[in-house]
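Working notes, beginning with the structure itself.
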Amino acid sequence: MATNGKASLKLFFWSWGILTAVGVVLSVWLPHRYFPVALSNDMHLTYTTTILFSILAAPVASGVYAAALHILRHYRYRGEGVPPAAPQIRENTKTVITWLTASLVLTVFVLVWGLGALAAENNSASSDPLVVNVVGQQWLWSFSYPGSHVESNVLMLPDNREVEFRVTSEDVTHGFWIVNMGVQIDANPGVITTIHTTPDKLGTLEVRCEQFCGLNHAFMDAVGHVVTKAQFSSWLAAQAMRS
Ligand SMILES: [Cu+2]
């Protein structure tokens, strides 16, 4: 047992605070530094959720690390044989109540946030989405635009219009993933799965396969572009003329 319990407890709270601050800074900085630029409403929501949940997790993780350091410093047993019984943490009412309350508040918040995000997404669905058929096969993606007979290996999307992807596969299970749009859904043979999103920024899309689908899975990617509505219409017309 520590000789100066007050001082060591002070050190525990200080290290908890400092580690929390570091965690909060990393939660904000890492996504800004390393995540790709978000090109859709869903990706923006994903970023906000990632940053917010990381910030909330920072004091929890830091509490565990600070407690581990504190325990290693002050409760390490150096004697011979079996150490004497220590007070059980479950008998410390204050700790138990704080622990349960914090866990309850955090989990309820995460649940409410998740349900709210889902509801926001469902409400944003427009009645007239642009439909894009997506077909995965070993090992490439192709996109077609119903009504225009256009088929392409480049995914072109107009800005600010909701898109409905109807996804399927010609052989094995693939995973349709537009990295910077927060869109991810399985492509299964014989089934059409759908997913919606709305591009909200011009830029280059990164399309990948995220289900291991054979030898060249790692190379199963495609590029795409979010362009203005006018650019999209002229691209579609030009493609239709070519076919
Ligand atoms: Cu694949």
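Partners of LYS10 within straight-line reach, counting lysines whose Cα lies under 29 Å from its Cα and excluding those fewer than 8 residues away in the same chain: LYS94.
Dipole of the chain computed with +1 at Lys/Arg Cβ and -1 at Asp/Glu Cβ about the Cα centre; of TRP99, SER27, VAL110, farthest Cα towards the positive end is TRP99.
Under 12 Å from the Cβ of LEU155, count the other residues' Cβ atoms, weight Lys and Arg +1, Asp and Glu -1, and hand me the total. Write out the running numbers ahead of the final one.
Details: positive: ARG208; negative: GLU151, GLU206, ASP221.
That works out to -2.
Rg over Rh for the range 85-190 works out to 1.29, using Cα positions for both radii and the Kirkwood form for Rh.
What's the local net charge at ASP200, with K and R +1, D and E -1, over the other residues with C-beta under 12 Å away? Intermediate values should be presented prior to the final figure.
On the way: positive: ARG161, LYS201; negative: ASP42, ASP159, GLU162.
So the surrounding residues net to -1.
Global dimensions of the range 93-134 from alpha-carbon coordinates: Rg and Dmax equal 18.8, 59 Å. Here's how it looks for GLY203: its modeled amide H is under 5 Å from those of VAL226, which are all 5 or more places away or on a different chain.
With a 10 Å radius around each residue's Cβ, average the other Cβ atoms per peptide and rank 177-189, 63-75, highest first. Present the calculation step by step, with values, prior to reporting the outcome.
Working: 177-189: 20.1, 63-75: 14.1.
Top to bottom by mean Cβ count within 10 Å: 177-189, 63-75.
Each peptide in 38-46, 208-216 receives the mean, over its residues, of other Cβ atoms within 10 Å, and ordering these scores from highest gives 38-46, 208-216.
Helix 93-123 against the longest principal axis of the chain: what's the angle in degrees, Cα atoms only, rounded to the nearest 10? Once rounded, the angle reads 10 degrees.
As an equivalent ellipsoid, the range 1-82 spans semi-axes of 39, 12, 9 angstrom, where each value is the square root of five times an eigenvalue of the C-alpha gyration tensor, largest first. Taking packing as the residue-averaged number of other Cβ atoms within 10 angstrom, the listed peptides 151-158, 81-88 run from highest to lowest as 151-158, 81-88. Scattering from the chain was approximated by placing one identical point on each alpha carbon and applying the Debye formula without solvent; log10 I(q)/I(0) at 0.10 1/Å stands at -0.67. For the range 202-213, the Karplus equation 6.51 cos²θ - 1.76 cosθ + 1.60, evaluated at θ = phi - 60°, returns couplings of 6, x, 9, 9, 10, 9, 9, 9, 10, 10, 4, 10 Hz by residue, with Gly and Pro reported as x.
Can you tell me the FRET efficiency between SER103 and SER8 if r is taken as the Cβ-Cβ distance and R0 is 22 Å, rounded to the nearest 0.05? Don't jump to the answer; show the numbers that get you there.
Details: r = 25 Å, r/R0 = 1.15.
For SER103 and SER8, the calculated efficiency is 0.30.
Full-extension gain between ALA67 and ALA218, please, as 0.36 nm times their residue separation minus the C-alpha to C-alpha distance. Could the numbers behind the result be given before it?
On the way: separation 151, 0.36 × 151 = 54.36 nm, distance 4.21 nm.
Length gained, ALA67 through ALA218: 50.1 nm.
Counting only C-alpha contacts under 8 Å and six or more residues apart, can you give the relative contact order of the range 166-243 as a whole percent?
Working: 127 pairs, mean separation 20.5, N = 78.
Computed value for the range 166-243: 26 percent relative contact order.
Each value in this text was obtained by applying a stated rule to the coordinates, not by laboratory testing. These figures come from a predicted structure and were not determined experimentally. Cβ atoms come from the backbone with ideal geometry, glycine included; neighbour counts cover every protein chain shown.
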